[in-house]
Amino acid sequence: MKTSLREKGNSLAQFNPNYCVIDIETTGLDTRFDDIIEIAALRVRNNIVVEHFNCLIKYDGFTELPDFITQLTGITSENIESEGVPTEIALKTFIDFIADDIVVGHNVNFDINFLYDNIFGFLNYNFDNDYIDTLRIARRSLPELKHHRLIDLIKHFSLDTNNLHRAVADCSATKAIFDKCKDILGEDWVYIRRPKSKVNANDFSATITEFDTEHLFYDKHFVFTGKLERFTRKEAFQIVANLGGHPQNGITKDTNFLVVGDTDYSKNVKNGLTGKQKKAAEKQLAGQDIQILSENTFIEQL
């Protein structure tokens, strides 16, 4: 699968009256090892849903779905066996449906990366439609919310919670959230990037005096890269300091952990990696004991 040098479309942050909402369900989070099991899309014209697409997929090597996927989505192995179509056919039909529309989704880079790699792998075609991420827009619309996951926004706006984690239902919820955010920001709103004040890791020290010296992160050196979902960079630095650790601005010979957030909007990404990720990988190859963690793994270890 093609997981680097993706020639994706442009990331937009604005409101359009004509687009396709998309959502997928998968067997996991990694495009290299996991498979798409459902694709859905809603065609929107003049802000109204006019047509929908939905397809279960019987991917290559399918035997049965993991139990946790059935528990999460409600999709059973029997559903896939009786209704699923081969991945290549599903992708061709999906591409025909969305044509050159802008695509809208929640945390849409997850969906696009899976679709891109599979479409390139099966059809030798670059999925390069421009896209709009409602997660990004929701953060601008509702900065007071602690989290902006789909379920958080559904609850905030008191939307229908039936059949969540099924692709069509998630598309409908995403469309409703897009409309709600438009009501808040105005239909002419367009995101304009403003320079951010730089946060210096050296400015942070512990606000407590006693530490758990047995904690995995005690006395360890941490660097962060990408956009964190659960914390601001300031909060992340302070968490590390309060664990008895040492936040750092960049990778050095002392770095023990690099925590990676969402890098899809980073200006410093080349060939799918940020500069910090590349430097960490180089340090690993040179023998340095440095671990690269996702934000979720970092949180689990806290």
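Screening Gly250 with (1) under 27 Å from His148 (Cα atoms); (2) in a loop (DSSP other than H, G, I, E, B) gives one miss only, at (1). Listed by first and then second residue, the pairs with beta-carbon distance under 8 Å, at least 6 apart or on different chains, first residue in the range 177-200 and under 23 Å from Gly226 (Cβ atoms) and modelled with pLDDT of 80 or more, second aromatic (Phe, Trp, Tyr) and not in a loop (DSSP other than H, G, I, E, B), are Val199/Phe237. May I ask you to verify whether Ile24 is part of a strand (DSSP E or B), of a type in the set (Val, Ile, Thr), open to solvent by less than 40 Å² (accessible area, probe 1.4 Å) and under 28 Å from Thr297 (Cβ atoms)? Considered against the rule, which asks whether it is part of a strand (DSSP E or B), of a type in the set (Val, Ile, Thr), open to solvent by less than 40 Å² (accessible area, probe 1.4 Å) and under 28 Å from Thr297 (Cβ atoms), Ile24 comes out as yes.
Criterion applied to Lys180, Lys198, Lys146 was being surrounded by 15 or more Cβ atoms within 10 Å (Cβ to Cβ) and of a type outside the set (Ser, Thr, Tyr), and the one residue passing it is Lys180.
Checked against (1) out of contact with any Leu (no Cβ under 7 Å at 6 or more places or on another chain); (2) open to solvent by less than 50 Å² (accessible area, probe 1.4 Å); (3) modelled with pLDDT of 95 or more, Gly9 meets all criteria but (3). Here Ser205 passes the criteria (1) touching a helix residue (DSSP H, G or I) at 6+ places or on another chain (Cβ under 6 Å); (2) among the hydroxyl-bearing types (Ser, Thr, Tyr); (3) touching a residue at least 40 places away in the same chain (Cβ under 8 Å) except the one numbered (3).
Would you pick out the residues in the range 61-90 that are open to solvent by less than 30 Å² (accessible area, probe 1.4 Å) and either on the phi > 0 side of the Ramachandran plot or touching a residue at least 40 places away in the same chain (Cβ under 8 Å) (or both)? Correct list: Ile69, Thr73, Ile75, Ile80, Gly84, Thr87, Ala90.
The values are calculated or read from the model by the stated rules, or taken from the named source; none is laboratory data. What you see is a predicted model, and the numbers here were worked out from it, not measured in a lab. Methodologically, a virtual Cβ is constructed for each residue, glycine included, from the backbone with ideal geometry; neighbour enumeration extends over all protein chains shown. With ligands, DNA and RNA removed, areas are computed over all heavy atoms of the protein, side chains included. Shrake-Rupley method; radii C 1.70, N 1.55, O 1.52, S 1.80 Å.
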